[in-house]
Amino acid sequence: MQECVLSTDRRSVRTRTALRHALAREIDATGDLSRVTVTAVTERAGVTRRTFYSHFRDIPDLVRQIEDETLAELHAPLARLAACHLNDLRAALDRGEPAPGAQELLACVRERGDYLRPLLGNGGDPAFAERIKALAHEVIGLRALDGLDLRALGPLFDYYLTFAISAEVGVLLRWLDAGCRESVPTMARLMTALMFVRPGDLYDNPIDLDIPSFALAVMCSKEDN
């Protein structure tokens, strides 16, 4: 009986995987998720429509479940990256290494690149990237407050977090769209370095700014906008 259940579970996993990959190929073929049909996906996956409907209600349900599963799988490596302490980050940078946990997160993304690229691309689901940003904000937000200079609390911190997450997700999408040409270790180093680039750094003219004092000045400003 147990062997029968395990066999059924394995078939179910194979079927869902086949449908997921078929969806990705159909997005590539049509260039638009809204044009993808159940018939086209099942034909590519080599399964019947009846099999499809035993797992999903329709294409939007297939997409939603794929996204939900992906977000759940990204949560743990994202949490481990967020748990990195500044002293650990500083030590890693001194050794020429990326932020602790960055490679694990990027490896998780790359393993799923065959379907993440079309889903997150121009013809995919534009809301998916926003869901990834929301997950990152949820996981990183509270952790980022730990040890924060109180002068940086308020609008500057809120906008900084939004800025940093949006930037990193944007770079991630660019990497996926290019077919993950850079290796995971290389990309982890690049994405770590990008978080420290100041406007003048690339022009041999760095600009130093006392961020906490600047933030405090903004908070104390009586200027009426």
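Quick notes on this structure:
- Exposure rank, largest accessible area first [Asp58, Asp125, Asp158; 1.4 Å]: Asp158, Asp58, Asp125
- Using Cβ point charges alone (K and R +1, D and E -1), the dipole size of the range 97-204 about the Cα centre works out to roughly 140 debye.
- Per-q log10 I(q)/I(0), the range 102-176, q = 0.14, 0.18 Å⁻¹ (Debye; single scatterer per alpha-carbon; no solvent): -0.52, -0.78
- Asp177 sits with roughly 110 Å² accessible to a 1.4 Å probe, with DNA, RNA and ligands left out of the calculation.
- Most positive-pole-ward Cα, Val197, Thr186, Leu148, against dipole of the chain from beta carbon charges: Thr186
- List His21, His75, ordered by accessible area with a 1.4 Å probe, largest first: His75, His21
- Most positive-pole-ward Cα, Ala76, Thr51, Ser12, against dipole of the range 1-88 from beta carbon charges: Thr51
- The value of relative contact order for the chain, using C-alpha pairs under 8 Å at least six residues apart, is 21 percent.
- Averaging 1/r over every pair of different alpha carbons in the range 1-158 and inverting the result gives a Kirkwood radius of 18.2 Å.
- A simple spin-label model places pseudo-atoms 7 Å from Cα toward Cβ; at Val171 and Met195 they are separated by 0.9 nm.
- Excluding exposed DSSP-loop GluC sites (Glu not before Pro) (at most 16 other C-beta within 10 Å), longest clean stretch of the chain: 1-181
- Charge dipole magnitude, Cβ of K and R +1, D and E -1 - the range 11-163, Cα centre, debye nearest 20: 580 debye
- Calculated P(r) of the range 45-118 - Cα pairs past 21 Å, %: 47 percent
The values are calculated or read from the model by the stated rules, or taken from the named source; none is laboratory data. Computed from a predicted structure; not experimentally measured. Methodologically, a virtual Cβ is constructed for each residue, glycine included, from the backbone with ideal geometry; neighbour enumeration extends over all protein chains shown. Areas reflect the complete protein model, heavy atoms only, side chains present, ligands, DNA and RNA absent. Shrake-Rupley method; radii C 1.70, N 1.55, O 1.52, S 1.80 Å.
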